[in-house]
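Derivation of every value follows stated rules applied to the coordinates shown; laboratory data play no part. If you're wondering where the values come from, they're calculated on a predicted model, not measured in any experiment. Cβ coordinates were reconstructed from backbone atoms using ideal geometry, including for glycine residues, and neighbour counts include every protein chain displayed.
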Amino acid sequence: MSSTPEKARFCTDRILFRDQQRLQRTVDVDGRLQAITLLHKLWITGSTLHVRFLGGTPAQRQVAREQAGWWTEHANIHFVFDDAPDAQIRIAFDPTDGAWSYVGTDNVTIPPDEPTMNLGFLDGGTAAHEFGHALGLAHEHQNPDGGIRWNEPVVIKDLMGPPNNWSPETIRHNVLKKYTADQVKGTKFDPKSIMLYFFPARWTLDGVGTEANEVLSEVDKAYIGSTDAYPRTIKPPELQATELLVDAANRTPASIGAAGEEDLYKFTVATAGTYVANTRGPTDLVMDLFGPEDPTRLVASDDDSGVGLNARIATALDPGTYYLRVRHFDEKTGTGTYTMKVRSA
């Protein structure tokens, strides 16, 4: 994220291969100007994410802390820089590896001895940009509503050279390709977003480039605290979750009453063993399991392993408190009833 075209440096958002192959649903935003998030990558609202530094000077670490705070000032999400061994966010400062981050909850699928973010340079708002990815935000220039018409040969030629030295495949993934409307929340292009790359006018067919956005835009600030991301009006996970009793005699009735709504549950495992959580009913649901004790530690996810379009997770669990998040597959318009149960196998 530099102000000079000849030395423009860019980050990569590391998307898991399975998500490059899978279409997801979108939420329309009624014509409002928006940033964009990748669907099903957001953390539970109110979560605390632990951060561990893998190297870096005191000055580099301080920049990372400060710019992470740009987001949490406006959102119901928290970073703790405690170098915890099981930290969800692990930051390296390798100058030969550029700047990149995994997106949202994908971070917890990465082996614990590997970084989930690299800050190989810290120009302007680079650290804030990468923390935006860690929170689930996507590149703004790949917004399907952006309308950017790339001069592809020029873009590829420039980015294949230093300081990026990218392959054509990497350039297409990180710059030229747009997300489909089925992959993101938020549809309106924000030219001031910190998630937008700087690029020179010669990279576009209409000769219009972008500025180097070094701070959060007003849209960034509003969006990260909106109901599409991390609204402050929602309580911490341990307070908002509905308690489920393991092996309860009756199933718990529930519903997705409004498009985009998410239901959160918690249950306690007293004895190590295999446990099954499932939904039943006519509604197409997605379910995520987090824990133990940590509502950001993703254990498993499922879409249609249950009866019909219902979700079912069966996995071995140690004693502790676990959280289940249930949402409709169609976050744009989907609503419906279902029942919920957790049992020992």
As an exercise, identify the GluC sites (Glu not before Pro) in segment 215-273 lying in DSSP coil whose Cβ has no more than 15 other Cβ atoms within 10 Å. Glu261
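What's the exposure ranking of Ser193, Ser344, going from fewest to most Cβ atoms within 10 Å?
Ascending number of Cβ neighbours within 10 Å: Ser344, Ser193.
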Which of Phe53, Phe79 comes first, and how do the rest follow, when ranked by fewest Cβ neighbours within 10 Å? Phe53, Phe79
Taking Asp228, Asp318 and counting other C-beta atoms within 10 Å, the order from fewest to most: Asp318, Asp228
Return, for the Cα atoms of segment 237-344, the radius of gyration and Dmax in Å, separated by a comma. 12.8, 39
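Between Ala316 and Val80, what length in nm is gained on full extension when 0.36 nm per residue of separation is reduced by their alpha carbon distance?
Taking Ala316 through Val80 to full extension adds about 82.1 nm, to one decimal.
At 0.36 nm per residue, and after removing the present C-alpha to C-alpha distance, how many nm does the segment from Ala345 to Ile234 gain when stretched out fully?
Working it through step by step, the gained length comes to 36.6 nm.
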Taking 7 Å along the Cα-to-C-beta vector as the label spot, tell me the Thr335-Thr227 distance in nanometres, rounded to one decimal. 1.1 nm
